[in-house]
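Here the structure comes first, spelled out in structure tokens, and everything after it is commentary.
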Amino acid sequence: MIPIKEAHLFIEGGGDQEVVDETIQVLPREYVEMLGPRICRHDVEDWPEEPFSHAALVLDRERGIRLTLENCLIRDGSTCGKRLYLVMLK
């Protein structure tokens with residue numbers, strides 16, 4: 001199992017803990033075990049054409065994290081009528 005240091009969930013139009021909980025429920029069990037209880041939520045007013053690029057800019061600007069395809073696992077999907085983009089940092 002790959003250790004996950006932190007996870008960031010980008011939610012179209014914003015969300016609340018219910019959206020985070022719904023997301024956790026539909027993730028494969030191995031991801032939930034890797035994540036633990038911590039997911040940082042990011043509300044995204046205007047959904048970007050390139051969610052990875054958006055996530056990379058936000059994480060660099062807000063946390064000083066340089067996101068690459070090698071240092072993360074990505075899942076995208078939707079729940080509660082909102083698009084989601086989950087970035088799990090290794």
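For the reader, a short list of remarks on this structure follows.
- Residue in the stretch 12-31 that is outside any loop (DSSP other than H, G, I, E, B), modelled with pLDDT of 90 or more and within 13 Å of Lys82 (Cβ to Cβ) present: yes
- Pairing each residue of the stretch 64-90 that is assigned to a strand (DSSP E or B) with any residue that is among the β-branched types (Val, Ile, Thr) and open to solvent by 80 Å² or more (accessible area, probe 1.4 Å), provided the two are 6+ apart or on different chains, yields C-beta distances under 7 Å for Thr79/Val26.
- Of all residues assigned to the stretch 57-80, none qualifies as being more than 21 Å from Pro3 (Cα to Cα), open to solvent by 40 Å² or more (accessible area, probe 1.4 Å), modelled with pLDDT of 90 or more and under 13 Å from the mean Cα position of the chain (by Cα).
- Of all residues in the stretch 28-44, those satisfying the criterion of being of a type outside the set (Lys, Arg) and surrounded by 12 or more Cβ atoms within 10 Å (Cβ to Cβ) are Tyr31, Val32, Met34, Leu35, Ile39, Cys40, His42, Asp43, Val44.
- Subset tally (residues that are surrounded by fewer than 21 Cβ atoms within 10 Å (Cβ to Cβ) and within 11 Å of the chain's Cα centre (by Cα)) for the stretch 10-27: 2
- When residues of the stretch 32-55 are limited to those that are assigned to a loop (DSSP other than H, G, I, E, B) and charged (D, E, K, R), the one farthest from Arg83 (Cα to Cα): Arg38
The values are calculated or read from the model by the stated rules, or taken from the named source; none is laboratory data. What you see is a predicted model, and the numbers here were worked out from it, not measured in a lab. So basically every Cβ, Gly included, is an ideal-geometry build from the backbone, and we count neighbours across all protein chains shown. Just so you know, the surface numbers come from the protein's heavy atoms only, side chains and all, with ligands and any DNA or RNA stripped out. Shrake-Rupley method; radii C 1.70, N 1.55, O 1.52, S 1.80 Å.
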